[in-house]
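Peer 1: Below you'll find the structure I mean.
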Amino acid sequence: MRRMLVAGNWKMQGSMHSTREWIDRVKVTSSPSCDRVVFPPFPYLGAAVEAATTGELAVGAQDLSEHAEGAYTGEVAASMLRDMGAEYVLVGHSERRQYHAESDAVVAAKFLAAVSAGLQPVLCLGETLEEREAGKTEEVIQRQLGTVLEQCGLSAFTAAIIAYEPIWAIGTGHTARPDQAQQIHAFIRSQLAGRDAKLARMTRLLYGGSVKPDNAAELFSEADIDGGLVGGASLQAADFLAICAAAC
Ligand code: PGA
């Protein structure tokens, strides 16, 4: 049985004060049947890890370098994130692919760097509106996932989480219908099952894209949706907790 997981991706938002306040509110609650992870901006990671002392909340980073160390000014290595107490890391978020030209190959290299350092990668996949309208959703997902599988190997997926985030649903208020999301989640699981049935059964698949307290329960009731990667609605602790409640 897969445990549900709700992850809050704050993106480039928040402050030291709001980070501490949010974590103080969330950590005193518990969600026995659901894992919870928060992804604050890099500068607040340390404070987040320090504040989240209860084990009821894990902390992750929004990005990492594909390199282990060296002359890469401004980059942050997976080992440094681990050192800070981060347990998870987002890999290949569509905003990284779009605004920072991260190719499938770079995403795969980051995925491997994360796994090698003992971080749990949350691999983000998703199509644009044009790709969906052209009937290319599965082709895009297959390419994005296939590159990581080829470059990193199946064993790298043991601790991995996959997030399906249709780009047209991110930050737009246009959530994918539960049946639309389920269809792609089932497709992703079938891609894994074609290689390893047990791994496919074990791997958690999150949905992301305008998840809110009022649509979370319906999305999470789908067979292959094992939780959510929540952007905007994760900024308010109360909304994040309501979404966690919908997952439990
Ligand atoms: P959103 O963002 O919930 O604001 O649509 C999701 C994400 O980008 O992870």
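All of the numbers you see were taken from the coordinates with simple rules; none came from a lab. Because the structure is predicted, anything quoted here is derived from the model rather than measured. Cβ coordinates were reconstructed from backbone atoms using ideal geometry, including for glycine residues, and neighbour counts include every protein chain displayed.
Peer 1: Once phi is turned into ³J(HN,Hα) by the Karplus curve 6.51 cos²θ - 1.76 cosθ + 1.60 with θ = phi - 60°, what whole-Hz value does each residue of the stretch 179-194 show in order, with x for glycine and proline?
Peer 2: Whole-Hz 3J(HN,Hα) from phi for the stretch 179-194: 6, 5, 5, 4, 4, 6, 4, 5, 5, 4, 5, 5, 4, 6, 4, x.
Peer 1: If R₀ is 25 angstrom, what is the calculated FRET efficiency for the pair Met16 and Asp83, using the beta carbon separation as r and rounding to 0.05?
Peer 2: Between Met16 and Asp83 the formula returns 0.80.
Peer 1: What is the stretch 1-148's relative contact order, in percent, from Cα pairs under 8 angstrom and six or more apart in sequence?
Peer 2: Over the stretch 1-148, the number comes to 18 percent.
Peer 1: Here's something else I'd like to know. For a quick check: with amide H placed at 1.01 Å from N, whose amide H comes under 5 Å from Asp35's, ignoring anything fewer than 5 positions away on the same chain?
Peer 2: For Asp35, whose amide H was placed from the backbone, the distant partners under 5 Å are Met4, Leu5, Val6.
Peer 1: May I pose another question? What translational diffusion coefficient, to the nearest whole µm²/s, does the chain have by Stokes-Einstein, given a Kirkwood radius computed over alpha-carbon pairs, a temperature of 20 °C and 1.002 mPa s viscosity?
Peer 2: The Stokes-Einstein estimate is 120 µm²/s.
Peer 1: Also, I was wondering about something else. Between Glu102 and residues 5 or more places away or on another chain, which pairs have amide H atoms under 5 Å apart, with H built 1.01 Å from N, and which residues are they?
Peer 2: Arg97
Peer 1: If you don't mind, there's one more thing I want to ask. Figure the gain on full extension for Thr172 and Tyr72 (residue separation times 0.36 nm, minus the Cα-Cα span) and round it to one decimal in nm.
Peer 2: So the extension gain works out to 32.6 nm.
Peer 1: Expressed as a whole percent, how much of the Cα-Cα distance distribution for the stretch 22-135 exceeds 24 Å?
Peer 2: When all Cα pairs of the stretch 22-135 are counted, 32 percent exceed 24 Å.
Peer 1: Is there a quick way to get the dipole size of the chain? I mean about its Cα centre, with the Cβ of Lys and Arg at +1 and of Asp and Glu at -1; what is the value in debye to the nearest 20?
Peer 2: 440
Peer 1: Could you pull out every residue, at least 5 positions away or on a different chain, whose amide H is within less than 5 Å of the one on Val211? Hs are placed 1.01 Å off N in the peptide plane, and Pro or chain starts have none.
Peer 2: Gly231
Peer 1: Using mean Cβ contacts within 10 Å as the protection proxy, how do 41-49, 62-70, 118-126 order, highest first?
Peer 2: Peptide ranking by packing, descending: 118-126, 41-49, 62-70.
Peer 1: Relative contact order for the stretch 3-247 using alpha-carbon pairs under 8 Å, separation at least 6, rounded to a whole percent?
Peer 2: 20
Peer 1: A further question on this structure: What are the ³J(HN,Hα) couplings of the stretch 15-32, residue after residue, when phi is run through the Karplus curve with 6.51, -1.76, 1.60 and θ = phi - 60°? Round to Hz, x for glycine and proline.
Peer 2: So the Karplus estimates, Gly and Pro as x, are 8, 4, 5, 5, 4, 5, 5, 4, 5, 4, 6, 7, 5, 7, 9, 9, 10, x Hz.
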